[in-house]
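Pasting a structure here, questions to come.
The values are calculated or read from the model by the stated rules, or taken from the named source; none is laboratory data. Keep in mind that this is a model prediction, so the values were computed, not measured. Neighbour counts run over all protein chains shown; Cβ positions are idealised from the backbone, glycine included.
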Amino acid sequence: MVNFIKKILGDKKEYKDMMARVEALPGDYPEVYQKICSYMWGFSSGSGMDMLRIQYGLIELFEDAAADGKDVLEVTGEDVTAFANELADQAKRWDDKFRHNLNKSVLKRVGKNK
């Protein structure tokens, strides 16, 4: 139980640190980041850890672009929804395992009967 609590506290600290990095971004980056994340959470499932990793990667992308003097829309393009959808598509869905297992089971069974 102690290890579980330590993990939760560690995850919380990591999240707070990442959000501090977002707030340190210049111009419109923090607002666009928040809007993209809010949008993507609407499509998340399972524990959401895959989504968090994508969001942490987005921070790094935005930090690098800001350091290069780029405007946020130079990174996302004008279709921010399409950009966010591409990011969200990288997340594993909780039901991917069930889909994979169904296919594997059927192919294994059908393969044995031939």
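Restricting to region 7-64, give me the number of residues that are at pLDDT 90 or above, in a helix (DSSP H, G or I) and charged (D, E, K, R).
Count: 9.
Go through region 1-29 and count every residue that is farther than 17 Å from residue 53 by Cα and surrounded by 10 or more Cβ atoms within 10 Å (Cβ to Cβ).
Of the residues in that region, 9 qualify.
What residue, of 49, 40, is under 21 Å from residue 15 (Cβ atoms) and either touching a residue at least 24 places away in the same chain (Cβ under 8 Å) or hydroxyl-bearing (Ser, Thr, Tyr) (or both)?
Details: 49 fails: either touching a residue at least 24 places away in the same chain (Cβ under 8 Å) or hydroxyl-bearing (Ser, Thr, Tyr) (or both).
Being under 21 Å from residue 15 (Cβ atoms) and either touching a residue at least 24 places away in the same chain (Cβ under 8 Å) or hydroxyl-bearing (Ser, Thr, Tyr) (or both) holds for just one of 49, 40, which is 40.
Residue-wise test of (1) touching a Leu at 6+ places or on another chain (Cβ under 9 Å); (2) closer than 25 Å to residue 17 by Cα; (3) not basic (Lys, Arg).
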{"residue": "59", "(1), (2), (3)": "yes, yes, yes"}
{"residue": "65", "(1), (2), (3)": "no, yes, yes"}
{"residue": "73", "(1), (2), (3)": "no, yes, yes"}
{"residue": "77", "(1), (2), (3)": "no, no, yes"}
{"residue": "81", "(1), (2), (3)": "no, no, yes"}
{"residue": "88", "(1), (2), (3)": "no, yes, yes"}
{"residue": "100", "(1), (2), (3)": "no, no, yes"}
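If I filter region 76-90 for residues that are in contact with a Gly (Cβ under 9 Å, 6 or more places away or on another chain), outside any helix (DSSP H, G or I) and under 13 Å from residue 40 (Cα atoms), do I get at least one hit?
Taking every residue of region 76-90 in turn, at least one turns out to be in contact with a Gly (Cβ under 9 Å, 6 or more places away or on another chain), outside any helix (DSSP H, G or I) and under 13 Å from residue 40 (Cα atoms).
Name the residues in region 54-85 that are surrounded by 13 or more Cβ atoms within 10 Å (Cβ to Cβ), over 19 Å from residue 24 (Cα atoms) and not β-branched (Val, Ile, Thr), would you?
Once the filter is applied, which keeps residues that are surrounded by 13 or more Cβ atoms within 10 Å (Cβ to Cβ), over 19 Å from residue 24 (Cα atoms) and not β-branched (Val, Ile, Thr), region 54-85 yields 83, 84, 85.
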